[in-house]
Amino acid sequence: MMKPRLVIGLAFVAIILVMSGSTSITKAATAEPAELAPTEALQRLLEGNARYVSNRPEHPNSRPSAAPQHPIAVILSCSDSRAPSEIIFDQGIGDLFVVRVAGNTYDKMLLETIDFGVENLGARLILVVGHDQCGAVAAAVKSYPDPHAGEMIRNIYPAVKDAKDAHGDQGSAAISINAILVAARLAAEPQLSHLVAHGKLKILPARYETATGRVKILGGE
Ligand SMILES: [Zn+2]
């Protein structure tokens, strides 16, 4: 006859085995969703933006959730209080991996953050969202080419330089050019370029119109 302590011990082991078995079943039943392809992610964002613009938002995923996250896109946008990504794209908790900095440029730390959203969380679309009336771009236009301006401002200088040749409103041109240049720069980063080359990641520039709420993809897409 087994000693009571041994019986209890075996029962404990049996419970653990049952629990671990049920855990793997649960995992199989709720397998991680397939990564959303770049074009599908873009479509979902544009549909969400259309709902926002026409004042028919669905406010999806609007309750607290501790479920694992599978954001459909990384959004690099300006910190401007009129351009919150979840609202303008009508998305919710767990949908977007958002990096915000005035002027929507990036440095080493933000690049690591963006890369985390792609490599670790499986986002297959990066949207660089500039916006009209951007105070950071306006400040860069004013400071250019002062080398003593802060990094946030100097990061926008390449766009200001290119906008000098643009027709019409140079400040406005600099906003679009900045988003285009930042998207191109990101696509050339070694940790992202191989995914872009294989069609597994799309990096697109976009512009948000504060008056209407509309997001337009720049470059004709
Ligand atoms: Zn801005």
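Just flag the trypsin sites (Lys or Arg not before Pro) in the range 42-132 sitting in loop per DSSP whose Cβ has no more than 16 other Cβ atoms within 10 Å.
When the trypsin sites (Lys or Arg not before Pro) of the range 42-132 are filtered for loop state and at most 16 Cβ neighbours within 10 Å, ARG82 remain.
Suppose we keep just the DSSP beta bridges with both residues in the range 111-221; what percent of those would be antiparallel, to 5?
Just about 30 percent of them are antiparallel.
Trypsin sites (Lys or Arg not before Pro), restricted to the range 126-199: which are DSSP loop and have at most 16 other Cβ atoms within 10 Å?
Values: sites: LYS142, ARG154, LYS161, LYS164, ARG185; in loops: LYS164.
Those satisfying the criteria are LYS164.
Local charge sum around GLN191 (other residues, Cβ-Cβ under 11 Å, Lys/Arg +1, Asp/Glu -1)? Show your work: numbers first, answer last.
On the way: positive: none; negative: GLU112, ASP115, GLU119, GLU189.
That sum, taken over residues with Cβ under 11 Å, equals -4.
Over 25 Å between C-alpha atoms is what I'm after, so list which of LYS108/LYS161; LYS142/LYS202; LYS108/LYS164; LYS161/LYS216 land there.
LYS142/LYS202; LYS108/LYS164
Taken together, the values in this text are just the output of simple stated rules run on the coordinates, not laboratory data. Quick caveat: nothing in here was measured; it's all calculated off a predicted structure. Every residue, glycine as well, gets a Cβ built from its backbone with ideal geometry; the counts of neighbours run over all protein chains shown.
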